[in-house]
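> This is the structure I have questions about; it appears just below.
The values are calculated or read from the model by the stated rules, or taken from the named source; none is laboratory data. Nothing here was measured: the structure is a model prediction, and the numbers come from that model. Backbone-built Cβ (ideal geometry, glycine too); neighbour counts: all protein chains shown. These area figures cover heavy atoms from the full protein model, side chains too; ligands, DNA and RNA do not enter into them. Shrake-Rupley method; radii C 1.70, N 1.55, O 1.52, S 1.80 Å.
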Amino acid sequence: MERRSSSFEIHPPTYGKLITILSIDGGGIRGIIPATILTYLEAQLKELDGDDARLADYFDIMAGTSTGGLMTAMLATPNKDRRPLYKAEDITPFYLEHGPKIFPQKRGMFTGLFTQMKMLMGPKYDGKYLHGIIKEKLGDIHISQTLTNIVIPTFDIKSLQPIIFSTFEVKERPFLNAKLSDICISTSAAPTYLPAHTFSTKDKDGNTREFNLIDGGVAANNPTLVATTQVTKEIFAANQDFFPIKPMDFGRFLVISLGTGSAKIEEKYNGKMAAKWGLMSWLLNDGSTPLIDVFSQSSADIVDLHLSVLFQALHSEDKYLRIQDDTLSGTIASVDVSTKENLENLVNTGKNLLKQTVSRVNMETGCSEPIQNGETNELALTRFAKLLSDEKKLRESKSPRPTTPKDVSSSGQER
């Protein structure tokens, strides 16, 4: 693929004051919730900088796990004109159209029993439609060809190690320069829901590396901390894009972290129930998978707790925004219910979330609580849009050269 110079692409942080990060959690069909939030954010950027504004023009790093990884790829993949393949406003319609085919809903008297039996013997869904639509939309684009830096976690079931696909890592580890389609299929392969994905890559010397991957949520359902760690590694490695920023200069981070919602604490499980569970109940209980719910939610919350405390300690709370709804109930809390009614409810949940007050982790209780006399998520996103716009303009004014994208060969390898 030929790369063309674009005046839209973001200049490096060395010419600005901030390091900008967008992070999107995993959560299956609940990805509609952050998609609604992203639509609002991009609309605010358009108001400030014109209709051509896209999220990839403003963020140094875009990170996503599972459904968040797919959104990240959609927003950062270039089209033939070197602009993002998808606008933020395109993502929700994509989910509304393709969600019911990715997660087909069966009806009938014995559907519940049939589904549980199927999940005991293999994945609930075969993944064929998901794989096909991802390959169709993302084509042969490799991770090194994205319009901005992206970070997508996966987990290798063979080596029992997390594999982080990152535009930063590709520079030193060429075998990670996989197709975005393979990466997105892998990070979405939630255990019991979708099959694991196996593929291979080759480096410039012809050496082959095989991957045996499942959902990135196993390692980092909230990938925000993975993204900040990638930046710190680059600073340690003396990446000139981050000069003269110091490794522990977290006060320069501007982070927007979007959750996909979670069930009310008392909604699904309790101690009396879990005390009676054996292996089968932990793996499958009333159509859900408690073990997966536990590790995905806990990994997301612990990252938010860590970052919220860190930003509070640095007196930089105004540059960390976590938007999450932990009051979901019923089918809306599911990762795969794709009925028309539930999809509409998810869209409305995202819209309602914009109107809610910004929440922050209470350092004593560990719970997320609305800020007293705080701004709404909508107002916070409007404020962040102004910060992002100002940062972009500052970098453009200080940079001695026009933005020149990386030179990439047709195979996706950087030269």
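> If the cut-off is 30 Å between C-alpha atoms, which lysines fall inside it for Lys246, apart from same-chain ones fewer than 8 positions away?
Hits, sequence-local ones excluded: Lys17, Lys171, Lys233, Lys319, Lys386, Lys392, Lys393, Lys398, Lys406.
> So, one more: With θ set to phi - 60° and the Karplus curve 6.51 cos²θ - 1.76 cosθ + 1.60, what are the ³J(HN,Hα) couplings of segment 252-264 in order, to the nearest whole Hz, using x for Gly and Pro?
Ordered by residue, 3J(HN,Hα) equals 8, 7, 10, 10, 10, 10, 10, x, 10, x, 8, 6, 3 Hz.
> For Leu310, tell me the accessible area in Å² from a 1.4 Å probe, rounded to the nearest 10.
Surface open to solvent at Leu310 totals about 40 Å².
> What is the distance, in nm, between label points placed 7 Å from the Cα along the Cα-to-Cβ direction at Ala237 and at Lys106?
Rounded to a tenth, the inter-label distance reads 4.6 nm.
> Kindly rank 202-209, 146-153, 169-176, 271-278 from highest to lowest mean number of other beta carbons found within 10 Å of each residue.
Highest-to-lowest ranking by the protection proxy: 146-153, 169-176, 202-209, 271-278.
> Taking amide H positions as placed in the peptide plane 1.01 Å from N, state which residues far from Ile24 in sequence (5 or more) or on other chains have amide H under 5 Å from it.
Ala63, Gly64, Thr65, Leu258
> How much of Arg30 can a 1.4 Å solvent probe reach, expressed as accessible area in Å² and rounded to 10?
Arg30 has an accessible surface of roughly 20 Å² with all protein chains in place.
> Expressed as a whole percentage, what fraction of the accessible surface of segment 167-279 belongs to carbon and sulfur atoms when a 1.4 Å probe is rolled over the protein heavy atoms? Spell out each step's value before the answer.
Working: 2820 of 5110 Å².
Here it works out to 55 percent.
> Can you give the convex hull volume per residue for the Cα atoms of segment 156-218, as a whole number of Å³?
Numbers: hull volume 5.1 nm³, N = 63.
Dividing the Cα hull volume of segment 156-218 by its residue count gives 81 Å³.
> For Ser316 and Leu379, FRET efficiency with R0 = 22 Å and r from the beta-carbon atoms, rounded to 0.05? Numbers along the way, then the final one.
Details: r = 18 Å, r/R0 = 0.84.
With R0 = 22 Å, the Cβ-Cβ based efficiency is 0.75.
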